[in-house]
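> A single structure is presented below for examination.
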Amino acid sequence: MTTHISLLCQVKAGVAWITLDRPAQRNALDIPTLKNLHALLDEYNADPAVRVVVLTGSGRSFCSGADLAEWAEAEARGALETYGWTETAHALMTRLHTLDKPTLAAINGTAVGAGMDLTLCCDLRIAAQSARFKAGYTSLAYSPDAGASWHLPRLIGSEQAKRLLFLDELWGADRALAAGLVGEVCADDQLHDVTTELATRMANGPTFAFAQTKKLMREGAQRSLPEQLQAELAAGLLCGRSKDGAEALRAAIEKRPAHFSGQ
């Protein structure tokens, strides 16, 4: 286990675990944490030993969102609009959303505001039974500022997104599952094992093809169907020419399980 400022990180069997580690602040996101997490994601995206990235939190919260103490300090010196939290957060959310590696959020407790937005930027979300979700913006007479207005309508539909954002409801894990905000709910003491099992399955898979699939899905909303079909053709050619593509074909001919390298 390696410690960065406000983060714990470990790579094991191709899975990189990143733990937000400010439990006294409920893992609130101050600027140093945002920057350190961004740098760590860059590092893992370039590391061939990392096949999957898992994001979770220490203590009883996943992430309580922006560090309001840091905001208050900036406001006191007249720098709330210029001290850089929003720009730094936007850069992190974009990095997480566009990461080549598959990403999982293991949501161990409350995810509020930008903390919830972090989970939305991940590919898959597993929630502990005690997990809670709250947008947290309109209660402060504020609008979403870290991607919720983009992700939520696409993930759970406009009606449910507006309920969560307008009414600022606190959703439990089962409500989140029913709405499609998360893909799986498990007992609190099973979160690590359930996440490890899914992350390991993905780490052993054709992660080069996963990266191409992520890119197709991310960019597809901006294309017509004919344009998307052309993009699928180009991505398919890349996959077919990859080492994983050659291994998949050999394994099929030899009637054995494939062993993927992510290349």
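Coordinate-derived values only; no laboratory data. This one's a predicted model, so the numbers in the text were calculated from it and none came from an experiment. Neighbour counts run over all protein chains shown; Cβ positions are idealised from the backbone, glycine included.
> How high is the FRET efficiency between A24 and L216 when r is their beta carbon distance and R₀ equals 45 Å, given to the nearest 0.05?
Calculated transfer efficiency: 0.60.
> For the residue pair E247 and L167, what label-to-label distance in nm results when each label sits 7 Å from Cα along the Cα-to-beta-carbon direction?
Once both label points are built, they end up 4.8 nm from each other.
> In a Gaussian network model over the chain where Cα atoms closer than 10 Å are linked, find which of D21, D193, D174 has the largest mean-square fluctuation.
Most flexible of the set in this elastic network: D193.
> Still on this structure: Of A221, A199, A231, which is the most mobile in a GNM of the chain whose springs link Cα atoms less than 10 angstrom apart?
Looking only at A221, A199, A231, the largest GNM fluctuation is found for A221.
> Next up: Tell me the net charge near C239. Cut-off is 12 Å between Cβ atoms, C239 excluded, with +1 for each Lys or Arg and -1 for each Asp or Glu.
On the way: positive: K215, R241, K243; negative: E232, D244, E247.
The answer is 0.
> Need one number: nm distance between label points at W71 and R154, each 7 Å from Cα along Cα→Cβ, rounded to one decimal.
With each label point 7 Å from Cα toward Cβ, the separation is 2.4 nm.
> Continuing with the same structure: DSSP loop GluC sites (Glu not before Pro) in segment 19-125 with at most 12 other Cβ atoms within 10 Å of their Cβ, which ones? Please list the in-between numbers first.
Details: sites: E43, E70, E73, E75, E81, E87; in loops: E81.
Those that pass, being in a loop and sparsely packed, are E81.
> I want the local charge near E169. Using Cβ-Cβ distances under 12 Å, sum +1 for each Lys or Arg and -1 for each Asp or Glu among the other residues.
With Lys, Arg at +1 and Asp, Glu at -1, the net is +4.
> So, counting K/R as plus one and D/E as minus one, what does the shell of residues with Cβ under 15 Å around A178 add up to?
Its environment carries a net charge of 0.
> Over what distance in Å are the Cα centres of segment 139-170 and segment 188-262 separated?
30
> Okay, helix-only estimate at 222 nm for the chain: each DSSP H run of n ≥ 4 adds -39500 (n - 2.57), divide by all residues, round to 500 deg cm²/dmol; what do you get?
It comes out at -15000 deg cm²/dmol, rounded to the nearest 500.
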